[in-house]
Amino acid sequence: MKKTQRRFEHTLEHGLFASRWLMAPFYIGLVGALAALVYTFGLELFHFITHASSMNANDAILASLALIDISLAGNLLIIVIFSGYENFISKFDIGDHVDQPEWMGSVDFSTLKLKLIASIVAISGIHLLKVFMEIKKYSEQEILWMVIIHLVFVVSGVMLALMDKIAAGSKIMKKSK
């Protein structure tokens with residue numbers, strides 16, 4: 001009876017462990033989203049270059065901010081794809097590739113959360129800057145809500161960082177006892 005139970009437990013655990021591969025299509029889908037961002041970036045860049053001669057400084061800054069915004073979203077996708085794959089599916093087997101990002105392999109779930117919220121805050125901040133540069137296009141209520149939403153992102157980021165710091169401190173205290 002014990003042998004059957006151990007064999008069942010072993011099979012169940014291997015099946016559960018193998019189920020992590022069900023996440024792979026999500027990361028492949030995110031690569032597709034990254035490709036769509038590259039396409040969008042290309043369109044924005046083409047529009048920027050072809051209309052640069054007729055742009056004033058404000059329009060050029062807004063176009064540049066749009067490109068930065070898309071770039072940050074792409075960076076966010078790369079962070080999620082790489083660290084999510086490594087944390088939940090499998091380690092990358094690329095050896096000591098010269099172009100391997102320095103952070104790759106060292107981003108745990110806690111660090112990933114902080115990187116995500118920092119990227120979201122940066123994207124939100126850039127969007128808010130674009131709104132302020134075209135402030136006449138928006139009502140006071142729309143601007144107020146955009147500022148409130150941005151502040152919620154900022155406060156959420158600070159709270160996540162504080163929670164991680166508290167959790168890390170409690171781990172250190174447990175180790176020292």
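Quick notes
- A simple charge model with +1 on the Cβ of Lys and Arg, -1 on the Cβ of Asp and Glu and nothing else charged puts the dipole of segment 2-176 at about 1080 debye relative to its Cα centre.
- Cross-link pairs exceeding 28 Å in C-alpha to C-alpha distance, out of 113/136; 91/115; 91/165, comprise 113/136.
- Listed residues 149, 27, 52: farthest to the positive end of the dipole of segment 2-176 (Cβ charges): 27
- Over the chain, relative contact order from alpha-carbon pairs under 8 Å, at least 6 apart, %: 22 percent
- Remark: spin-label model distance residue 62-residue 14 equals 6.1 nm, labels positioned 7 Å along the Cα→Cβ axis.
- Cβ-based charge dipole, segment 2-176, positive-most Cα from 98, 4, 125: 4
- Counting only DSSP H runs of at least 4 residues, each contributing -39500 (n - 2.57), and dividing by the residue count of the chain, the helix-based mean residue ellipticity at 222 nm comes to -28000 deg cm²/dmol.
- As a ratio to 2.2 N^0.38 Å, the alpha-carbon radius of gyration for the chain is 1.42.
- Efficiency of FRET between residue 40 and residue 94 - r from beta-carbon atoms, R0 25 angstrom, step 0.05: 0.35
All of the numbers you see were taken from the coordinates with simple rules; none came from a lab. The shown structure was predicted, so the numbers you read here are calculated from the model rather than taken from an experiment. For neighbour counting, all protein chains shown are included, and Cβ atoms are generated from backbone atoms with ideal geometry for every residue, glycine included.
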